[in-house]
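Below is one structure, written out as structure tokens; comments come after it.
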Amino acid sequence: MEQYDADQGQYRRGIQALKEQPGKNLVIFGIPGAAKTLLELGLIDEFLLTICPVILGGGKSAFHGDGEKIRLKLLSSRTLKSGIIAARYELEK
């Protein structure tokens, strides 16, 4: 367990150092494990979720597996010509 905690500290310091550099936002795409870790470490400021007009019928949570709810506040949204909805959220405080 000590190694896991050391890795988390290393990730937190590395991502925090990147966030402090001048320039654009950091973005991760389609990596649920990484998103879950970053969320647990408090390193995610916003979510940009795309909602595709397809019904799948089920699946795994992208961010957690313990049933804990993550409450989000909608900041903006737009519908693309394809019917996909791009929605920008922040964590609800």
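The values are calculated or read from the model by the stated rules, or taken from the named source; none is laboratory data. Note that the structure is a prediction, hence the values are computed from the model and not measured. Counting neighbours? That spans all protein chains shown, and the Cβs are built from the backbone with ideal geometry, glycine included. With ligands, DNA and RNA removed, areas are computed over all heavy atoms of the protein, side chains included. Shrake-Rupley method; radii C 1.70, N 1.55, O 1.52, S 1.80 Å.
Things worth noting here:
- Selection within segment 17-46: residues that are farther than 21 Å from Glu92 by Cα, outside any loop (DSSP other than H, G, I, E, B) and at pLDDT 80 or above. The member of this set that is most open to solvent (accessible area, probe 1.4 Å) is Glu20.
- Every residue from segment 66-93 that is basic (Lys, Arg), in contact with a strand residue (DSSP E or B) (Cβ under 6 Å, 6 or more places away or on another chain) and either surrounded by 12 or more Cβ atoms within 10 Å (Cβ to Cβ) or not in a strand (DSSP E or B) (or both): Arg88
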